[in-house]
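Novice: Sending over a structure as structure tokens; questions will come in a sec.
The values are calculated or read from the model by the stated rules, or taken from the named source; none is laboratory data. Just so you know, these numbers come straight off a predicted model, no measurement behind them. Here Cβ is always computed from backbone atoms with ideal geometry, including for glycine, and neighbour counts include all displayed protein chains.
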Amino acid sequence: MTNIIQSPREKSIVFIGFMGVGKTTIGKLVAQKLYRSFIDIDQEIEKEYGMPIPEIFQTIGEKAFREKEKETISRFCQQKLKVISLGGGAFLQEEIREMCLSNCIVFALDISWDRWKERLNIIIDNRPVLKGRSIDEIEELFYSRQEIYSNHNSKLVTDDLDVEEVADYITESLKLAWDLYE
Ligand SMILES: Nc1ncnc2c1ncn2[C@@H]1O[C@H](COP(=O)(O)OP(=O)(O)O)[C@@H](O)[C@H]1O
Ligand SMILES: O=C(O)C1=C[C@@H](OP(=O)(O)O)[C@@H](O)[C@H](O)C1
Ligand SMILES: [Mg+2]
């Protein structure tokens, strides 16, 4: 896909990373700090179907969800000046990786397995992909997904940072990079 957006300052910012790392929370905060509109791809799909993600998985199945995910990302990643948070499985699709990397600034949020484990209880109910898996299977999934998240323009390990600190760090580093470019 060709890069239709020229100036780095205008490019939309896309957050990627494993489920529960903070893409939705941080994306919303970064959007506020940059005065941009925020798009959460899962929330867009939820609006369209009028039901939460676990019910969408149950009703249409994961394959159809992945198609809808691709179609929704394709629509938003071609727009400029947005902050867009993807679902953690989106980057499994090569077409999604390509369209985001060619049009947007892709920011990976990373976390260690030990820290992530502490978050499992608060996120599992809304993550159908984690349901019914043992902790060992989830650990395997966590590590097997890491390679897809290495396709990024920038990355931050969030282990020792609260959400405000993460959002501030990202906002400031983006502004610095934009100033250097000009
Ligand atoms: N840096 C952080 N420190 C502590 N808790 C966090 C942090 N980032 C996210 N969280 C919490 O983790 C949970 C999952 O965050 P969410 O934004 O939904 O992640 P994702 O969109 O990547 O699945 C939320 O309860 C959120 O408040
Ligand atoms: O990693 C995944 O396969 C998924 C991640 C979820 O988004 P979050 O990463 O925001 O939890 C959501 O898209 C769906 O439950 C599938
Ligand atoms: Mg999310």
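Novice: Please indicate, with yes or no, whether at least one residue in segment 67-81 is in contact with a Leu (Cβ under 8 Å, 6 or more places away or on another chain) and away from ligand 1 (no atom under 16 Å from the Cβ).
Specialist: no
Novice: Hey, another quick one. Can you name the number of the only condition in (1) free of Cβ contacts under 8 Å to residues at least 60 places away in the same chain; (2) more than 15 Å from ligand 2 (Cβ to nearest atom) that Leu141 fails?
Specialist: Every condition holds for Leu141 apart from (2).
Novice: If we scan segment 27-37, do we find a residue that is among the β-branched types (Val, Ile, Thr) and in contact with an Asp or Glu (Cβ under 6 Å, 6 or more places away or on another chain)? First the steps, then the outcome.
Specialist: Keep residues of segment 27-37 that are among the β-branched types (Val, Ile, Thr), which gives 30.
In the following step, the residues that additionally are in contact with an Asp or Glu (Cβ under 6 Å, 6 or more places away or on another chain) were identified as none.
Scanning segment 27-37 turns up no residue that is among the β-branched types (Val, Ile, Thr) and in contact with an Asp or Glu (Cβ under 6 Å, 6 or more places away or on another chain).
Novice: Can Pro128 be described as within 10 Å of ligand 2 (Cβ to nearest atom), out of contact with any Lys or Arg (no Cβ under 8 Å at 6 or more places or on another chain) and over 25 Å from Leu29 (Cα atoms)?
Specialist: Working: within 10 Å of ligand 2 (Cβ to nearest atom): yes; out of contact with any Lys or Arg (no Cβ under 8 Å at 6 or more places or on another chain): yes; over 25 Å from Leu29 (Cα atoms): yes.
Yes, satisfied.
Novice: Another question about this same structure. Can you name the residue in segment 20-61 that is touching a residue at least 40 places away in the same chain (Cβ under 8 Å) and more than 25 Å from Lys80 (Cα to Cα) and, of all such residues, is farthest from ligand 3 (Cβ to nearest atom)?
Specialist: Restricting to residues being touching a residue at least 40 places away in the same chain (Cβ under 8 Å) and more than 25 Å from Lys80 (Cα to Cα), the top hit is Gln58.
Novice: Same structure, new question: Can you say whether Ile73 is of a type outside the set (Gly, Ala, Ser), more than 23 Å from Ile148 (Cα to Cα) and buried (at least 21 other Cβ atoms within 10 Å of the Cβ), as far as the supplied structure shows?
Specialist: Working: of a type outside the set (Gly, Ala, Ser): yes; more than 23 Å from Ile148 (Cα to Cα): no; buried (at least 21 other Cβ atoms within 10 Å of the Cβ): yes.
In short, no.
Novice: Does Met51 meet the test of being at pLDDT 95 or above, more than 10 Å from ligand 2 (Cβ to nearest atom) and more than 26 Å from Lys131 (Cα to Cα)? Spell out how you get there, then give the answer.
Specialist: Working: at pLDDT 95 or above: yes; more than 10 Å from ligand 2 (Cβ to nearest atom): yes; more than 26 Å from Lys131 (Cα to Cα): no.
So Met51 fails the test.
Novice: Could you tell me which of the residues Arg115, Arg145 is away from ligand 3 (no atom under 15 Å from the Cβ) and among the charged types (D, E, K, R)? Walk me through it before giving the result.
Specialist: Working: Arg145 fails: away from ligand 3 (no atom under 15 Å from the Cβ).
The unique qualifying residue is Arg115.
Novice: Considering only segment 1-96, give the helices (runs of 4 or more DSSP H) lying wholly within it that have at least 1 residues that are in contact with a Cys (Cβ under 9 Å, 6 or more places away or on another chain). Quick ask: steps written out before the conclusion?
Specialist: Working: elements: 23-34, 41-49, 53-77.
In segment 1-96, 53-77 are the helices (runs of 4 or more DSSP H) which contain 1 or more residues that are in contact with a Cys (Cβ under 9 Å, 6 or more places away or on another chain).
Novice: Here's another thing I want to ask about it. Is there any pair with a first residue in segment 111-130 that is farther than 10 Å from Met19 by Cα and a second that is among the hydroxyl-bearing types (Ser, Thr, Tyr) and part of a loop (DSSP other than H, G, I, E, B) whose Cβ atoms are under 6 Å apart and which are 6 or more apart or on different chains, and what are they?
Specialist: Between residues of segment 111-130 that are farther than 10 Å from Met19 by Cα and residues that are among the hydroxyl-bearing types (Ser, Thr, Tyr) and part of a loop (DSSP other than H, G, I, E, B), the close pairs are Ile111/Thr158.
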